[in-house]
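Chemist: This structure is in structure tokens; I'll ask about it shortly.
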Amino acid sequence: MPLSKKSSFQKHKIKDSPIYSVTVRIVAMDKDFQNVVASGTGVVVAQNLVLTAKHVFEDFAVKFGIGKINSAGVAETDDFNIWVMFMSNHPGQLYHVYEVAQIHLNPYSDLALFHLNSFDKAGKNHRYFSSPLSLVIPSIGERVTAFGYPKSKVVVRRDEQGTSHIEINDEPSISVGEIKDVHPEKRDNFSITFPSALTNARMDGGMSGGPVFNDEGMLIGLVCRGYDLVDDEEPISYIALLWPLMATIVELKGERIPLYKLAEDGIVKTEGLEHIIIDDREVENRYAISYNREVTAVKKLDLPPIGRNDPCPCGSGKKYKKCCSP
């Protein structure tokens, strides 16, 4: 029986779901821990490297009164910190908390990468799972599953020793729908000016930057825009496609390189690199990039086979045979 593409939205209640191993909550706070804002979701793409929507960081900058973040990240201000929180499998610990160390904003799309610093031993020794990326432009009618942390509320409490502890309450949520339209280059010149896809999967505030998977468990985009529902109308949401991500400049050991190089080396698991045309040198802080749609043969990633009784890679928490298995 074919899988339903009907739009659906529900709280994710599976505590040991694999989706928690690849996603993070994003929290910003001032130096005094007085002003705390939780808004946004991230997805791990390599060890210590997380992907989210660029506007998550830009919104933090506006909320803390420092204007826009430039291409160098947040190095120009000391007014606030940005943290991420992983669900922990360490006994007696609910979360691993990491500081966002470096931010790399993509010049072409609503995409950003950031590095992590851990402050506890368990976090430093933690090995993350990472999501394999698909750069292939999805097809109209393709089923998609999005995940994120809407309605996040954060409280910072201090114990008797004066140590601050972060307490977070949210509603991890799964949203299912289908691709309704595709904009390989951009939708328009003023709002969604980057490669995107229209979907009827509902995407609430706080899910920005959250992963969007296809039925093969490949990361095909990020939550970037959702619109409030009116009565019983079908949801309207947009996802940022991933192919421009390959031009994002990251700094490793003092060297500036495009993410494309890490994908070539297999550090970032990527499918569809054959479509990417990228300059071999940096000009004015960016690498020119384009998408070759004439490519017909794409090498599939050699991923471990999924057992029918394994958790579905889409993150639903269901067994594969009862979810995305063909």
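The values are calculated or read from the model by the stated rules, or taken from the named source; none is laboratory data. All of these numbers come straight from a predicted model, not from anything done at the bench. Here the Cβ positions follow ideal geometry from the backbone for every residue, glycine too, while neighbour counts run over all protein chains shown. With ligands, DNA and RNA removed, areas are computed over all heavy atoms of the protein, side chains included. Shrake-Rupley method; radii C 1.70, N 1.55, O 1.52, S 1.80 Å.
Chemist: Go through the residues of the stretch 208-223 one by one and say whether even a single one is of a type in the set (Asp, Glu), at pLDDT below 90, over 26 Å from VAL22 (Cβ atoms) and open to solvent by 10 Å² or more (accessible area, probe 1.4 Å).
Modeler: No.
Chemist: May I ask you to list the residues in the stretch 113-149 that are at pLDDT 90 or above and among the acidic types (Asp, Glu)?
Modeler: Listed by number, the list holds a single entry, GLU142.
Chemist: Scan the stretch 219-233 and report the pairs whose first residue is over 15 Å from LEU245 (Cβ atoms) and whose second residue is outside any loop (DSSP other than H, G, I, E, B) and open to solvent by 10 Å² or more (accessible area, probe 1.4 Å), with Cβ atoms within less than 7 Å and a gap of 6+ or a chain change.
Modeler: ARG225/TYR238
Chemist: Considering only residues of the stretch 33-69 that are part of a loop (DSSP other than H, G, I, E, B) and under 28 Å from ILE220 (Cα atoms), which is modelled with the highest pLDDT?
Modeler: Top of the filtered list is ALA53.
Chemist: I would also like to ask the following. Only one of GLU264, GLU251, GLU255, GLU282 is open to solvent by 80 Å² or more (accessible area, probe 1.4 Å) and at pLDDT below 90. Can you tell me which?
Modeler: Just a single option satisfies the conditions, and that option is GLU255.
Chemist: Are any residues in the stretch 131-152 under 14 Å from GLU178 (Cα atoms) and hydroxyl-bearing (Ser, Thr, Tyr), and if so, which ones?
Modeler: SER139, THR145
Chemist: Separate question: Can SER196 be described as touching a helix residue (DSSP H, G or I) at 6+ places or on another chain (Cβ under 9 Å), open to solvent by less than 80 Å² (accessible area, probe 1.4 Å), touching a residue at least 40 places away in the same chain (Cβ under 8 Å) and closer than 15 Å to ASP110 by Cβ?
Modeler: It is false that SER196 is touching a helix residue (DSSP H, G or I) at 6+ places or on another chain (Cβ under 9 Å), open to solvent by less than 80 Å² (accessible area, probe 1.4 Å), touching a residue at least 40 places away in the same chain (Cβ under 8 Å) and closer than 15 Å to ASP110 by Cβ.
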